[in-house]
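Peer 1: Just dropping this structure here.
Rule-based calculations on the coordinates, nothing more; no lab input. Remember, predicted model here, so these are calculated numbers, not experimental data. Using ideal geometry, Cβ is built from the backbone for each residue, glycine included, and neighbour counts are taken over all protein chains shown.
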Amino acid sequence: MSGCVPVANSWLNGGGTKDPVDVHAVVDEQGCKGLLDMIAAGALVSLGTTRDGGTLAITVTVDGEWRREYVRTLDELRVYLAEAVPAVEDLCAGLRPSAAPAQRPRRRKAS
């Protein structure tokens, strides 16, 4: 049996919204602060839209592990950030090096 190749306007590409997400309306000042709080904690935060443009995709990466969530409204973003920001701050707190200066061993001179 040969492999299937999805056609651009096939049933598989359906199910999305026909309206593009208004990113500026979804990410308000409070939402921007939450996203920046995760970055300040040490996470990599990536934003983009889905292929059909109908949803905002938020990808958060911490120490090589990542999670992606999709939101369409300001309320959905607020619910997401209420969970994500504290979780990311907790994860990143254990990964940050301490503020104490590191003790480096001295190298011996070659003879």
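Peer 1: Between Val21 and residues 5 or more places away or on another chain, which pairs have amide H atoms under 5 Å apart, with H built 1.01 Å from N, and which residues are they?
Peer 2: Under 5 Å from the amide H of Val21: Gly54, Thr55.
Peer 1: Next question, about the same structure. Sort Thr55, Thr49 so the one with the fewest other Cβ atoms within 10 Å of its own Cβ comes first.
Peer 2: On the way: Thr55 20, Thr49 14.
Result, fewest neighbours first: Thr49, Thr55.
Peer 1: Binning at 5 angstrom from zero up to the longest distance, how are the C-alpha pair distances of segment 27-89 distributed in percent?
Peer 2: Spelled out bin by bin, segment 27-89 gives 4, 19, 32, 27, 13, 5, 0 percent.
Peer 1: Between His24 and Asp52, how high is the FRET efficiency from 1/(1 + (r/R0)^6) when r is the Cβ-Cβ distance and R₀ = 30 Å? Nearest 0.05. Spell out each step's value before the answer.
Peer 2: Details: r = 18 Å, r/R0 = 0.61.
E(calc), rounded to 0.05, equals 0.95.
Peer 1: Now for a different question. Assuming R0 = 22 Å, what is the FRET efficiency of Thr61 and Ala93, from their Cβ-Cβ distance, to the nearest 0.05? Intermediate results must be reported in sequence, preceding the final value.
Peer 2: On the way: r = 16 Å, r/R0 = 0.74.
After rounding, the FRET efficiency stands at 0.85.
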